[in-house]
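Student: Below you'll find the structure I mean.
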Amino acid sequence: MCAIVGVYGAKNAAKIAYYALFAMQHRGQEATGISTANGDKIHLVKKRGLVTEVFDESSFEFLKGNCAIGHNRYSTAGADSVLDAQPVFAKYKLGEISVAHNGNLVNKYEVRNRLIERGAIFQTGMDTENIVHLIAKSQNDALVDRIKDMLSKIEGAYCLVIQSRSKMFVIRDRFGIRPLSLGRLKDGGWIVASETCAFDLVGAEFIRDVRPGEMLTFEEDREPFSEQIFEPDYHPCAFEYIYFSRPDSIIDGKNVYQTRVAMGKMLAKEAPADVDLVLPVPDSGVAAAKGYAEGLGIPFEMGIVRNHYVGRTFIEPTQEIRNLKVKLKLSPIKHLIEGKRIAIIDDSLVRGTTSKQIVKMLLEAGAKEIHMRIAAPEIKYPCRYGIDTPTQAELISSRYSVKEIAKKIGATTLGFLSIEGLIESLGTERTYSLVSFDGNYFAGGSAQSPGCSDI
Ligand code: AMP
């Protein structure tokens, strides 16, 4: 999942990158890092932990230069080392390089095995290391040609920021699966970031989204130089809108919050429930629940309180801890719920863990009926393009019918948004990546191939 940022031509590049990463903390909480370049040298600080834990004033004394790139890493199984933090830094024939990557390469095993056969050594499990090796091993003279060479060898979903001692390169894969936007800083200089919420915090003006298949080159005394490297075949990820991005972000001209409200309204049409009250699962279901309540003309209440000091439920890998975490995170307002027929709205159903706990919690709080509504279609296939999903066998909708799942989670009824309803809510002007719902692995990989965390 992850967030990336690149800042070029700014006096306080590292501080700007820091605030941008802070705004995008929701995209990854496991580790964070910033590297800066001052023309002579690249400096790097990276560590496990949140943005506010990893950096302090002394970091910024060290992180000198007017170009900074940064990364927030999403928690994935087994990656327990600072080496797994990004950016990935290396020295090679042309000097120094630093790379930050958001996405997932579907041919990472093939590439890595080929490199290992030719004597390469790896320090981490990250596919980003493949990228650094491919650049270092290229026979081309100029870095830009080495990058193009590397791009011809990787497949899948990627947004990349690559830093040399004096330049910065930004690339979005030809499908534009993960979001990436370009902004201009108020006091001069440029910023690219996974989400526009980063621009709002640092006071940057949004210019445009980086185009699918585009490479932007930033160098001194020049406007960013754009090159279309690949023919675009645009498939932005629908899950960014459903769950992952921050509600205030704008991806490809669409505000995330508003698309979620539209999904909720569509859900009200497709799966209405005869209830007294609509509640969201906070925070991820709030916008959709508002749309659902408006669509049906039923009162909306924030009937479940979220403790914000607990991380997202997926951070701990074991099932026992996940169960406990839901309780730590959410608790019901009993007097709102007692004796009521409730529709409870969440953005997605993955393993079914959260829903089961919530239904139990609401029943214990005295609810008469619980109608669970999910503002996304059934997740039947693992994403291979950068959203961390469990194996197909763990996806409850890949194994059971809607009725069976309702029974398993203890809900009176259960309803999902249809794929057609999702497309209509997002707008039909472009083709979205719906891989988790329809199993169309258009950018390579398959339900069985390795996921984000499997190298
Ligand atoms: P589950 O409890 O396994 O059914 O997961 C569903 C809950 O996890 C929902 O409340 C979602 O907001 C959230 N969720 C969905 N996808 C992800 C993901 N890839 N990583 C973390 N949380 C997720």
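The values are calculated or read from the model by the stated rules, or taken from the named source; none is laboratory data. Everything numeric here is computed off the predicted structure, so don't read it as measured data. All Cβ positions, glycine included, derive from the backbone under ideal geometry; neighbour counts span all protein chains shown. All accessible areas refer to the heavy atoms of the entire protein, side chains included, with ligands and DNA or RNA removed. Shrake-Rupley method; radii C 1.70, N 1.55, O 1.52, S 1.80 Å.
Student: For the stretch 265-287, enumerate the residues that are within 14 Å of the ligand (Cβ to nearest atom) and open to solvent by less than 60 Å² (accessible area, probe 1.4 Å).
Tutor: Of everything in the stretch 265-287, those that are within 14 Å of the ligand (Cβ to nearest atom) and open to solvent by less than 60 Å² (accessible area, probe 1.4 Å) turn out to be Leu279, Pro280, Val281, Pro282, Ser284, Gly285, Val286, Ala287.
Student: Out of everything in the stretch 207-253 that is modelled with pLDDT of 95 or more, away from the ligand (no atom under 16 Å from the Cβ) and basic (Lys, Arg), what residue ends up being least open to solvent (accessible area, probe 1.4 Å)?
Tutor: Of everything passing the filter in the stretch 207-253, Arg208 is least open to solvent (accessible area, probe 1.4 Å).
This table checks each residue for (1) more than 17 Å from Asn104 (Cα to Cα); (2) not in a loop (DSSP other than H, G, I, E, B).
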residue	(1), (2)
Lys360	yes, yes
Leu363	yes, yes
Ile370	yes, yes
Leu422	yes, yes
Thr431	yes, no
Ala447	no, no
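Student: While we're looking at this one, here's another question. Return the only residue of Ile370, Ile387 being touching a residue at least 60 places away in the same chain (Cβ under 8 Å), in contact with a strand residue (DSSP E or B) (Cβ under 8 Å, 6 or more places away or on another chain) and open to solvent by less than 20 Å² (accessible area, probe 1.4 Å).
Tutor: Testing whether each residue is touching a residue at least 60 places away in the same chain (Cβ under 8 Å), in contact with a strand residue (DSSP E or B) (Cβ under 8 Å, 6 or more places away or on another chain) and open to solvent by less than 20 Å² (accessible area, probe 1.4 Å) leaves just Ile387.
Student: Continuing with this model, one more query. Do any residues in the stretch 401-420 that are on the phi > 0 side of the Ramachandran plot have Cβ atoms under 9 Å from those of residues that are in a strand (DSSP E or B), where the two are at least six apart or on different chains, and which pairs are they?
Tutor: Here the result reads Gly410/Ile370, each pair linking the stretch 401-420 to a residue that is in a strand (DSSP E or B).
Student: Would you confirm, using the coordinates I've provided, whether Ser249 is in contact with a Leu (Cβ under 6 Å, 6 or more places away or on another chain) and not assigned by TED's automatic domain parsing to the domain that holds Val286? Outline the logic, then answer.
Tutor: Details: in contact with a Leu (Cβ under 6 Å, 6 or more places away or on another chain): no; not assigned by TED's automatic domain parsing to the domain that holds Val286: yes.
Taking the combined requirement at face value, the residue does not satisfy it.
Student: Name, by its number, the condition in (1) at pLDDT below 95; (2) under 23 Å from Pro179 (Cα atoms); (3) small (Gly, Ala, Ser) that does not hold for Ala376.
Tutor: (1)
Student: I'd like the full set of residues that are at pLDDT below 95 and buried (at least 24 other Cβ atoms within 10 Å of the Cβ), limited to the stretch 28-44.
Tutor: The answer is Gly28, Ala31.
Student: Can you tell me which residue within the stretch 333-358, out of those that are more than 16 Å from the ligand (Cβ to nearest atom) and part of a helix (DSSP H, G or I), is least open to solvent (accessible area, probe 1.4 Å)? Show your work before the answer.
Tutor: The initial filter retains those residues of the stretch 333-358 that are more than 16 Å from the ligand (Cβ to nearest atom), namely 333-342.
In the following step, the residues that additionally are part of a helix (DSSP H, G or I) were identified as 334-337.
Details: Lys334: 115, His335: 142, Leu336: 33, Ile337: 0 Å².
That would be Ile337.
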